[in-house]
Amino acid sequence: MTALHADRRGTGPRLALVHGFTQTRRCWGPIAEDLAADHELVLLDAPGHGRSADVALDLVDGGRALADTAGPATFVGYSMGGRFALHAALERPAQVRALVLVGATAGIESADERAQRREDDEARARRIEEIGVDRFLDEWLALPLFAGLSPEAACREERRENTAAGLASSLRLAGTGTQLPSWHRLGELSMPVLVVAGADDEKFLTLGTRLAEAVGGDVEIAAIEGAGHTAHLEQPGRFLAVLRPWLAARGL
């Protein structure tokens, strides 16, 4: 078993939180503060990130490692973390009591588009290795995808814990271009699933709608008003107003 670093806090039903690319376990801000009041939180560093910087795993093995590290829990994953959490649910379903996906996808179906994304991620990996984490974060956080993040919510200082080698490894092994499409497997998910996207994040709202339709069963989708891709950090109050009642209704 490959162990990942995780910080644990709080008591109650267990929630495993899996961050996005260039973030770390410490990038959940007010979400973690609120949920730790009545939950046990397992704040994970994904492969290639934070104190798991030296762990090089693809999405399948990374999903297994996240599930094995956290133990039985409700998994909450954002973007890259959502893709890892989805693989945890597919590979270790007994460990995933419920699944919350924020700004996530089940993969790019077009082989040509996947190949192009791998090329883009390889170029980005080389860029990180060339200029280092600090300068790369300047470029990354300037992308339109993150325009809705306040300076505080961007958790720039926390992201500086990452290493160039770890982030480059993450892109090469667990970037979207490496993700084999799993749309055809979503019907295997028997646990409750909540799909969340920012109302202003048209791409991932469309993907989220498709995810929810493919899962079937106990599944809900929620659009967070006034938020883009990083919905839980852009509008933490509105995100919690969706998440908390959903968890409570299922005894989670």
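Considering the conditions (1) among the polar types (S, T, N, Q); (2) surrounded by fewer than 19 Cβ atoms within 10 Å (Cβ to Cβ); (3) modelled with pLDDT of 95 or more, S150 is excluded by exactly one of them, (3).
Just to be sure, is T178 of a type in the set (V, I, T), more than 22 Å from A125 (Cα to Cα) and in contact (Cβ under 8 Å) with a residue 12 or more places away in the chain? Spelling it out, it is not the case that T178 is of a type in the set (V, I, T), more than 22 Å from A125 (Cα to Cα) and in contact (Cβ under 8 Å) with a residue 12 or more places away in the chain.
Selection of the range 159-187 for residues being touching a Pro at 6+ places or on another chain (Cβ under 9 Å) and among the hydrophobic types (A, V, I, L, M, F, W, C) yields L173, A174. Within the range 130-139, identify whether any single residue is crowded, with 21+ Cβ neighbours inside 10 Å, aromatic (F, W, Y) and under 13 Å from F21 (Cβ atoms), and answer yes or no. Within the range 130-139 (the criterion being crowded, with 21+ Cβ neighbours inside 10 Å, aromatic (F, W, Y) and under 13 Å from F21 (Cβ atoms)), the answer is yes, since at least one residue qualifies. On the given criteria, is A3 surrounded by fewer than 24 Cβ atoms within 10 Å (Cβ to Cβ) and modelled with pLDDT under 95? In short, yes. Of the candidates G103, G71, G82, G77, the single residue that is out of contact with any helix residue (DSSP H, G or I) (no Cβ under 8 Å at 6 or more places or on another chain) and either modelled with pLDDT under 95 or closer than 20 Å to A231 by Cα (or both) is G82.
Screening L233, L145, L186 for residues that are closer than 17 Å to Y78 by Cβ and modelled with pLDDT of 95 or more leaves exactly one candidate, L233. With respect to being surrounded by fewer than 18 Cβ atoms within 10 Å (Cβ to Cβ), in contact with a helix residue (DSSP H, G or I) (Cβ under 9 Å, 6 or more places away or on another chain) and in contact (Cβ under 8 Å) with a residue 60 or more places away in the chain, A115 fits the description.
What do you reckon, is D134 within 22 Å of P30 (Cβ to Cβ), more than 17 Å from the chain's Cα centre (by Cα) and not aromatic (F, W, Y)? Criteria not met by D134. Could you check how many residues of the range 32-73 are on the phi > 0 side of the Ramachandran plot and crowded, with 24+ Cβ neighbours inside 10 Å? Qualifying residue count for the region: 2.
Among the residues of the range 21-39, write down those that are over 29 Å from G175 (Cα atoms) and either touching a strand residue (DSSP E or B) at 6+ places or on another chain (Cβ under 9 Å) or aromatic (F, W, Y) (or both). If the condition is that a residue be over 29 Å from G175 (Cα atoms) and either touching a strand residue (DSSP E or B) at 6+ places or on another chain (Cβ under 9 Å) or aromatic (F, W, Y) (or both), then A36, H39 are the ones that fit. The residue list L145, L66 contains one member that is touching a Gly at 6+ places or on another chain (Cβ under 9 Å), within 21 Å of T163 (Cα to Cα) and of a type in the set (A, V, I, L, M), which is L66.
Scanning the range 162-181 for residues that are crowded, with 19+ Cβ neighbours inside 10 Å and outside any helix (DSSP H, G or I) gives N162, G175, Q179.
Listed here are the residues, each with its yes/no results for (1) of a type in the set (S, T, Y); (2) within 26 Å of W246 (Cβ to Cβ).
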| residue | (1), (2) |
| --- | --- |
| S169 | yes, no |
| L173 | no, no |
| R185 | no, yes |
| E188 | no, yes |
| V195 | no, yes |
| G198 | no, yes |
| T206 | yes, yes |
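The values are calculated or read from the model by the stated rules, or taken from the named source; none is laboratory data. Source: prediction; values computed, not measured. Here Cβ is always computed from backbone atoms with ideal geometry, including for glycine, and neighbour counts include all displayed protein chains.
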